[in-house]
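Take a look at the structure below.
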Amino acid sequence: MASGLSERVLEKLENKIELERVRLKIGVDSMPANPWEFDVDLGGDSVNAMERLLSIVRAIAESSVGSWPSDDEWKAMLPDWLKHEVPELSKEQTDKLLSVTSPQDWGSLPWEFFSWLDAIRDRGWRWWGYQQKGATATIVLHIAMFPERIDAFRELLRAVGMHITDERYTALA
C-alpha cells in the first residue's frame, strides 16, 4: 500500500514538473535521463506551429496533473484545427479507409481521434523542452515509462504542420 501511494505521489510530482517545463518554455540546455529527440521543420508558419504544439502539450500536461477528462470533455476543449487533422471516424469510415488503402500504406494514414486520445492518456513520455532556430527546432521528450506511445506524439507533430527530419533515441542505438 505504501509503495502504491509513493508511486502516485511521485507521478503527481512528475506531472507538475512537466507542466512547469511546458509553461516556462524550457529549452534543452540539459537533457533528461532517457531522451527522445526530434529535429523538425516547422513548416511555413514556424511561430504558429510551435505555439499550436505547446498549447496541446500544455492541455495534456494540465490534464495529467488532475483527473483525466472524458472523451467528450476532450472533444469540447481541443481546438477545431486539431480535430480536423485527427478526425473522429466511425467504424464504417475506418473500415472503408482501410479497404481502399494497401496494407503497406496503413502506417501513413492519419490517426482516428479516440485512438489518438487513448494513446495520449497512456503516453509514457513527458515533455522536456525545445530549441528553435528559425524554421527548425529540436524537441526533446523524456521517456518515463514503457510502452512509450511515441507514434501519438509523431501524429501531433504532423497535425500541427511539422515535418520530422530526424529523430534520436539512444536506448535504441
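The values are calculated or read from the model by the stated rules, or taken from the named source; none is laboratory data. Note that this is a predicted model, so its numbers are computed, not measured. Heads up, the Cβs are rebuilt from the backbone with ideal geometry, glycines too, and the neighbour counts pull from every protein chain shown.
Which one of these does A137 not meet: (1) more than 21 Å from S64 (Cα to Cα); (2) small (G, A, S); (3) at pLDDT below 95?
The one condition A137 does not meet is (3).
Taking into account only those residues within region 1-50 that are among the basic types (K, R) and closer than 14 Å to R126 by Cβ, which is farthest from the chain's Cα centre (by Cα)?
K12
Could you grab me the full set of residues in region 53-69 that are surrounded by fewer than 20 Cβ atoms within 10 Å (Cβ to Cβ) and of a type outside the set (V, I, T)?
L54, S55, R58, A59, E62, S63, G66, S67, W68, P69 - these are the residues of region 53-69 that are surrounded by fewer than 20 Cβ atoms within 10 Å (Cβ to Cβ) and of a type outside the set (V, I, T).
Within the bounds of region 96-111, is there any residue that is within 27 Å of L10 (Cα to Cα), among the aromatic types (F, W, Y) and surrounded by 16 or more Cβ atoms within 10 Å (Cβ to Cβ)?
No: zero hits.
If we scan region 77-94, do we find a residue that is more than 15 Å from R158 (Cβ to Cβ), basic (K, R) and under 23 Å from the mean Cα position of the chain (by Cα)?
Within region 77-94, none of the residues are more than 15 Å from R158 (Cβ to Cβ), basic (K, R) and under 23 Å from the mean Cα position of the chain (by Cα).
Just to be sure I understand the filter: pairs with C-beta atoms under 7 Å, separated by 6 or more residues or on different chains, first member in region 146-160 and more than 16 Å from D39 (Cβ to Cβ), second member charged (D, E, K, R) and outside any loop (DSSP other than H, G, I, E, B). Which pairs pass?
Every condition considered, the pairs that remain are A159/E85.
Of the conditions (1) modelled with pLDDT of 90 or more; (2) under 23 Å from I143 (Cα atoms), E73 fails just one. Which one is it?
(2)
Could you check region 82-125 and list, in sequence order, the residues that are of a type in the set (D, E, K, R) and within 24 Å of H142 (Cα to Cα)?
Selection gives D118, R121, D122, R123.
Looking at D80, D72 in this structure, which one is within 25 Å of K12 (Cβ to Cβ) and loosely packed, with under 10 Cβ neighbours inside 10 Å?
Of the residues listed, the single one that is within 25 Å of K12 (Cβ to Cβ) and loosely packed, with under 10 Cβ neighbours inside 10 Å is D72.
Which one of these is among the hydrophobic types (A, V, I, L, M, F, W, C), in contact with a strand residue (DSSP E or B) (Cβ under 9 Å, 6 or more places away or on another chain) and farther than 25 Å from A135 by Cβ: L54, L19?
Just a single option satisfies the conditions, and that option is L19.
Pick out the one residue from D80, D118 that is acidic (D, E), closer than 26 Å to G43 by Cα and at pLDDT 90 or above.
D80
Condition (residue is assigned to a strand (DSSP E or B) and touching an Asp or Glu at 6+ places or on another chain (Cβ under 6 Å)) applied to region 145-162: is it met by at least one residue?
Looking through region 145-162, none of the residues is assigned to a strand (DSSP E or B) and touching an Asp or Glu at 6+ places or on another chain (Cβ under 6 Å).
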